[in-house]
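Please treat every number below as a calculation from the coordinates, not as lab data. All values reported here derive from a predicted model rather than from experimental measurement. Positions of Cβ are generated from backbone atoms using ideal geometry, with glycine treated the same way; all protein chains shown enter the neighbour counts.
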Amino acid sequence: EAQVTQNPRYLITVTGKKLTVTCSQNMNHEYMSWYRQDPGLGLRQIYYSMNVEVTDKGDVPEGYKVSRKEKRNFPLILESPSPNQTSLYFCASSYTGHTDTQYFGPGTRLTVL
Amino acid sequence: SQQGEEDPQALSIQEGENATMNCSYKTSINNLQWYRQNSGRGLVHLILIRSNEREKHSGRLRVTLDTSKKSSSLLITASRAADTASYFCATPYSGTYKYIFGTGTRLKVLA
């Protein structure tokens, strides 16, 4: 089944404790992206990747890191999480990134205390 | 940031009625996409309309695009309770891989 998977789905952590949210897709998509969703703000793009080893900042990259060492995986790293990073996070992928639609993962609900 | 805007923010209708949602954006675009999100879950793609298209249909969905006004609308005809969800428009900044999403319209269809 074609899908985007994220882990963990739920995470409660404390300020400053490094964490990684994994994202994997099995559709051989070139493009992958991370978003955060906050009430009243819709989805905001954090980082995106056009291909292996090629990444770029979205609208809200501060406090996040990403890497794209393999085509199928695009982990999101929070080196020192803070409470303002409490949010619902989505990973998405697509073939080209700007001419076709995105497939979304189920989301990761992160709470930073 | 150049966030898209959707209106209305919330819409409540009776089953069988039509629902119309509007999206405005600020940049030139290559295409505009509509997504649906059931409460707190992942987004599901509904329809993509390219900048050289004015109207597109998919089942009970009809999307229009007016690039001169930088706006798009999504019409759901003969709505059902199962259409209750949030609807978002999204578009890549023209010539880039960076995406803007609208703030969404929460649709509630009453049975």
query: Name the chymotrypsin sites (Phe, Trp or Tyr not before Pro) in region B:8-111 that are in a loop by DSSP and that have at most 12 other C-beta atoms within 10 Å, would you?
result: none
- request: Within a 10 angstrom radius of each residue's Cβ in A:54-61, how many Cβ atoms of other chains show up on average? Whole number is fine.
  value: 2
query: Using the count of nearby Cβ atoms within 10 Å as a rough guide to exposure, how do A:27, A:32 rank from fewest to most?
result: A:27, A:32
statement: Quick note on A:103, A:10, ordering by fewest other C-beta atoms within 10 Å, gives A:10, A:103
Straight-distance crosslink candidates among lysines, where the alpha carbon sits under 28 Å from residue B:108 and sequence neighbours closer than 8 are dropped: B:26, B:56, B:69, B:70
- prompt: Seen from all sides and averaged, what is the projected area of the convex hull of the Cα atoms in chain B, in nm²?
  reply: 6.6
task: Could you tell me the convex hull volume per residue, in Å³, taken over the Cα atoms of the protein assembly as shown?
output: 117
- line: Inter-chain shielding metric for A:96-103, i.e. average beta-carbon neighbours from other chains within 10 angstrom, reads 6
task: Find out how many positive minus negative residues lie around residue B:92, taking Lys and Arg as positive, Asp and Glu as negative, among other residues whose Cβ is under 15 Å from that of residue B:92.
output: +2
- line: Averaged over the residues of B:89-100, the number of partner chain Cβ atoms within 10 Å of each residue's own Cβ comes to 6
- prompt: For chain B, modelled as a GNM with alpha-carbon contacts under 10 angstrom, which of B:52, B:22, B:31 fluctuates the most?
  reply: B:52
